[in-house]
Amino acid sequence: MTKGKVGILTTNYYNPDGNRIIYGGAERYGLELTKLLLELGYGVAWWQVGTGWQKEMLRGVPLYSIPETGDNFQTCPRLNQSFYEQAVQVDFAIYFVTFLAYPQVLEKSISVSHGIFWDYPSFDAVIPTEELRRERLRRLWLAFNGPQKIVSVDTATIQWATTTWPGLWHKFEYIPNFVDLNLFSPSERERKDGKIRVLFPRRLTSVRGINEAARAAEILTKKYDYLEFHFVGRAHDDNLEKEMVRWSAKHPNIYYYWKAPQDMPKVYQNVDIVLIPSKSTEGTSLSCLEAMAAGCGVIASYVGGLPNLIIDGYNGLLIRPTVSNLVAAIEELAFNHDLRNRLGRKAREVADNFNLEKWKRSWAKVISEVFK
Amino acid sequence: MFTEGKISILVPNLLSWDGKGLVTGGVERYVWQLIDLAREMGFVVDVHQNGDSDWQREVNGIVIRGYGLATISTEAALQEMHYCTEKVLYASILLNPAAYKSGSVVISHGVWWDSEGSTGDYISDMFHVCGKALQEAELVVSCDYNFLNVIRAVQPLLAQKIEVIPNFVDVNVFSPAPERDGDTVSILFPRRLDYCRGVDLFLQTGLEILAACPNVSLHLAVDRNYPHLNSQLERWLQQQEQRERIVYGSYSFERMPEVYRSADIVVIPTRFSEGTSFSCLEALASGCAVVSTDVGGLTNLIIDEYNGLLIPPAVEALKKALSRLISEPGLRQRLAKQARSTALAFSHRKWRSRWAEILTRIYGGRSCK
């Protein structure tokens, strides 16, 4: 007997055409959340934008697509409406992105914030007038007020919300992201090839700081022949990936490839320094947590939820993500073996605290409070 | 290091408005530390502040000028300060609509308008006030990443002018007690008597805990900035059944290290308006088990269940956290150990070297090592 059925609404788990699964942090989050709900005895069904296709996300977990594409003011009222109507068969709802809870929600519902995602200068052009900005905020306010709880992966989002609408903090539950400490662990053996390897384990997008990281790699590999850079992650489209392949081929000691999630633990074990130089749109990054769990020397930017994970000079370095700051930080860790080791040890120690089991307990508590 | 240059620090009140007493608070401590550093670097420093009349005093060899115009208009006083100074450093963000001098540095001590009582108009004014500082000054130094994140969510381009230097703690002065004995548990509240600091949260929860746990005592280490609040609290304390297990006092800064050393648990129950709190850092450095709310810059200091417990500002959550710490000495010890070790990352030396770089860059003239 199940405790009831949970409907989860998201924008894209697959591309809208249903052909390419999106391997991102949010998608992995969705998978773990689904597994947890099943463990707790709930039935689960997902909905997303699409042409009407239907798939199975996990055995017994259908993923329906809703042919509604229109979005305005950064909300999707028609998707929301279709879900509301189709979800008559479910008892509880999770709005997997906060703005999907506009304008109406199931009574017993939770929404999820994966971090502030509009904190980059060109967002201004998306909502270019004062009137539009006000309307967007008004809708977000309604979206925040609908669900009984908002689970936020970082405190930055909660702080932004409470500095914009004080009192809203009552809605929020801070549940930082997780890492599987059994999968991600430090390398047992020390490498003795004299190389220092630097990893950029993110999607190749501007907000993740790919341009700054690539420039830093060019500068540093020219200067030191024992430094190696590994860019490991997919781009949004094939052309960009091809361009990365061409670019890395031109530079000795710079490599580009991508790996399936299950192969990532080995990638981390093979490197000394990991870069998380996000310029915006960042929560408590899974990549950052994985790098910490692997005991790497982490260089992160001070954006979004990263200051929830890294204390500068304690378990990593927190910098403003510019080329020169990256170069300086990489040099500092590359030359200073002791510092790198100390930061790496503390990173692993702190990562213990973000273990998957704890994340599940925190979520189970919120679920038991709302889904009853 | 030698440099030539002059810095005029503009601060609301480093001394009381009559110029006779020192004001104690986080901003003021911050300014005195900055003055020390700037003078060691060879800068000539003076201070300009609001006054009840025009006066000039010298404290620790520093000229401090009070501007009596402030009794009529702090904005007019500020204009006069601008007229009497060259390069300026603003100790906090200006709340009045005056313009900043160009080429100056402004210090942000964290967001302050996140109170439940803030109205929409007030909030948009405060975002405007922050935007103005970022537009007009050369650089805004923020004591936490929270201010930066909030501003970046609203004005991402201007946020690039923010540089973060977290607050510091003198880890030699604030250090753990050699050994704490196991039987009794002392819970300390080391903050100002102010609603924003959550004193009511502490008292309400503390009383419940006292009633439930006979081995617990409370310690209030509070200010005396507003004596009527102290007498109010004293009267209230007299009425409490558990009065004999509540220690209450106001201490000089010099005595605070021993106050922390005598505590097992320190509570930082801030409701709003918080940066990287000195009290929280001092509690960490003193090897106490810290319970802190997830407000403002505190989230940059405390990693939940690693070096403290991070809770929302609510009685239930605080009660649960305290009960847990009281009943689990092992957890308390682990948090305390990791508290001390994280505090070492907020050293005074690091804070000084970050500021030294900024002072040289913005006010430097020439400098050599």
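The values are calculated or read from the model by the stated rules, or taken from the named source; none is laboratory data. It should be emphasised that the depicted structure is a prediction, and the values quoted were computed from it without experimental measurement. As a convention, Cβ positions derive from the backbone with ideal geometry for all residues, glycine included, and neighbour counts pool all protein chains shown. Keep in mind that these areas ignore ligands, DNA and RNA; they rest on the heavy atoms of the full protein, side chains included. Shrake-Rupley method; radii C 1.70, N 1.55, O 1.52, S 1.80 Å.
By the equivalent-ellipsoid construction on the alpha carbon gyration tensor, segment B:179-251 comes out with semi-axes of 21, 14, 11 Å, ordered largest to smallest.
Across segment B:60-71, coupling constants 3J(HN,Hα) worked out from phi with the 6.51/-1.76/1.60 Karplus curve, θ = phi - 60°, read 6, x, 10, 7, 10, 10, x, 10, x, 4, 4, 5 Hz, and Gly and Pro carry x.
Spread over its residues, the convex hull of the C-alpha atoms of segment A:52-129 is 126 Å³ per residue. Ligands, DNA and RNA left out, the accessible area of segment A:196-354 computed with a 1.4 Å probe is 49% carbon and sulfur.
Listed by chain and number, the lysines whose alpha-carbon sits under 28 Å from that of B:LYS132, ignoring those within fewer than 8 places in the same chain, are A:LYS279, B:LYS6, B:LYS87, B:LYS101, B:LYS161. Rolling a 1.4 angstrom probe over segment B:185-346 with all protein chains present gives an accessible area of which 52% lies on carbon and sulfur atoms.
Averaged over peptide A:302-312, the number of partner chain Cβ atoms lying within 10 Å of each residue's Cβ comes to 6. A simple rule links phi to the HN-Hα coupling: the Karplus curve 6.51 cos²θ - 1.76 cosθ + 1.60 with θ = phi - 60°, which for segment B:218-227 gives 10, 9, 9, 10, 10, 7, 10, 4, 10, x Hz, with x for Gly and Pro. Summing charges over neighbours of B:ARG57, with a neighbour being any other residue whose Cβ is under 14 Å away from its Cβ, gives -3 when K and R count +1 and D and E count -1. Only DSSP H runs of four or more residues enter the estimate; each adds -39500 (n - 2.57), and after division by the residues of chain A the mean residue ellipticity at 222 nm equals -11500 deg cm²/dmol. Placing unit charges on the Cβ atoms only, positive for Lys and Arg and negative for Asp and Glu, gives segment B:65-191 a dipole magnitude near 400 debye about its Cα centre.
Springs join every pair of Cα atoms under 10 Å in this Gaussian network model of chain B, and among B:ARG271, B:ARG57, B:ARG352 the largest mean-square fluctuation is at B:ARG57.
Pairs exceeding 25 Å between alpha-carbon atoms, taken from A:LYS358/B:LYS337; A:LYS358/B:LYS319; A:LYS55/A:LYS266; A:LYS195/A:LYS223; A:LYS192/A:LYS223: A:LYS55/A:LYS266.
Counting charges near A:LEU306 (Lys, Arg +1; Asp, Glu -1) among other residues having Cβ under 11 Å from its Cβ returns a value of -3.
Listed by chain and number, the aspartates and glutamates whose alpha-carbon sits under 19 Å from that of A:LYS259, ignoring those within fewer than 8 places in the same chain, are A:GLU27, A:ASP180, A:GLU228, A:ASP237, A:ASP238, A:GLU241, A:GLU243, A:ASP272, A:GLU290.
Over all pairs of different C-alpha atoms, chain B has a mean inverse distance whose reciprocal, the Kirkwood radius, equals 21.7 Å.
Provide the net charge surrounding A:ASN19, with neighbours chosen by a C-beta distance below 14 Å and charges set as Lys +1, Arg +1, Asp -1, Glu -1. Provide the component values of the computation, followed by the final result.
On the way: positive: A:ARG20, A:LYS55; negative: A:ASP17, A:ASP237, A:ASP238.
Residues close to A:ASN19 contribute a combined charge of -1.
Probing with 1.4 Å while keeping every protein chain in the model, the per residue accessible area of chain A equals 41 Å². Taking one quarter of the surface of the C-alpha convex hull of the protein assembly as shown gives a mean projected area of 34.0 nm².
Determine the calculated [θ] at 222 nm for chain B from helices alone, applying -39500 (n - 2.57) to every DSSP H run no shorter than 4 residues and normalising by the residue count; nearest 500 deg cm²/dmol.
Values: 11 runs with 136 residues, N = 369.
Using -39500 (n - 2.57) per qualifying helix, the result is -11500 deg cm²/dmol.
Charging the Cβ of each Asp and Glu at -1 and of each Lys and Arg at +1, and nothing else, the dipole of segment A:127-279 about its Cα centre rounds to 180 debye. Across the accessible surface of segment A:33-138, with the other protein chains kept in place and a 1.4 Å probe, carbon and sulfur atoms take up 49 percent. Debye-formula intensities of chain A, expressed as log10 I(q)/I(0) at q = 0.09, 0.14 Å⁻¹, are -0.53, -1.23 (one equal scatterer per alpha-carbon, no solvent).
Find the centroid of the Cα atoms in segment B:166-204 and in segment B:238-317, then give the distance between the two in whole Å. What the calculation gives is 4 Å, centre to centre.
Diffusion of segment B:261-369 by Stokes-Einstein, at 20 °C in a medium of 1.002 mPa s and with Rh set to the Kirkwood radius over alpha-carbon pairs, works out to 143 µm²/s.
Over chain A, Cα pairs under 8 Å with separation of 6+ residues give a relative contact order of 14 percent.
Taking Cα atoms only, the orientation of helix B:74-83 departs from the longest principal axis of chain B by about 50 degrees.
For segment A:1-131, the extents of the C-alpha atoms along the principal axes are 52, 32, 27 Å, listed from largest to smallest.
Across peptide B:111-117, the mean count of Cβ atoms from other chains lying within 10 Å of each residue's own Cβ comes to 5. Since only A:PRO62, A:ASN15, A:LEU38 are under comparison, the one whose Cα sits farthest along the positive direction of the charge dipole of segment A:1-153, derived from C-beta charges on Lys, Arg, Asp and Glu, is A:LEU38.
Note on chain A: GNM, Cα springs under 10 Å; of A:GLY52, A:GLY316, A:GLY344, the largest mean-square fluctuation is that of A:GLY52.
With a Cα-only, solvent-free Debye model of segment A:117-186, what are the log10 I(q)/I(0) values at q = 0.21, 0.25 Å⁻¹? Treating every Cα as an identical point scatterer, log10 I(q)/I(0) equals -0.98, -1.17.
Taking Cα atoms, how many degrees apart are the long axis of helix B:145-154 and the longest axis of chain B, rounded to 10 and kept between 0 and 90? Taking the Cα atoms of chain B, the angle to B:145-154 is about 60 degrees. With a 1.4 angstrom probe, the accessible area lost at the A-B interface totals about 3200 Å². For chain A, the residue among A:SER111, A:ILE311, A:THR162 whose Cα projects farthest onto the positive side of the dipole built from Cβ charges is A:ILE311. Heavy atoms of the protein chains alone define the surface here; on that basis chain B has 41 Å² accessible area per residue at 1.4 Å probe size.
An ellipsoid equivalent to segment A:177-335, defined through the eigenvalues of its Cα gyration tensor, has semi-axes of 20, 18, 17 Å when rounded to whole angstrom and sorted largest first.
Segment B:12-37 and segment A:36-79 have Cα centres separated by 58 Å. Placing unit charges on each Cβ (+1 for Lys and Arg, -1 for Asp and Glu) gives segment A:196-354 a dipole about its Cα centre, and among A:THR281, A:ILE196, A:HIS236 the Cα reaching farthest toward its positive end belongs to A:HIS236.
Only the Cβ atoms of Lys and Arg (+1) and of Asp and Glu (-1) were treated as charged; on that basis the dipole of chain A about its Cα centre amounts to roughly 360 debye.
Helix B:199-212 axis versus longest C-alpha principal axis of chain B: approximately 10°, rounded to the nearest ten. Put simply, the C-alpha atoms of segment B:185-346 give a gyration tensor, and the ellipsoid matching it has half-axes of 22, 18, 15 Å, longest first. Karplus-based coupling profile of segment B:96-110, in residue order and whole Hz: 9, x, 5, 7, 7, 6, 6, x, 10, 10, 10, 9, 9, 9, x, with θ = phi - 60° in 6.51 cos²θ - 1.76 cosθ + 1.60 and x standing for Gly or Pro.
For segment A:87-234, what does the convex hull of the Cα positions come to per residue, in cubic angstrom? Could you put the intermediate results ahead of the total?
Working: hull volume 26.5 nm³, N = 148.
Enclosed volume per residue, from the Cα hull, is 179 Å³.
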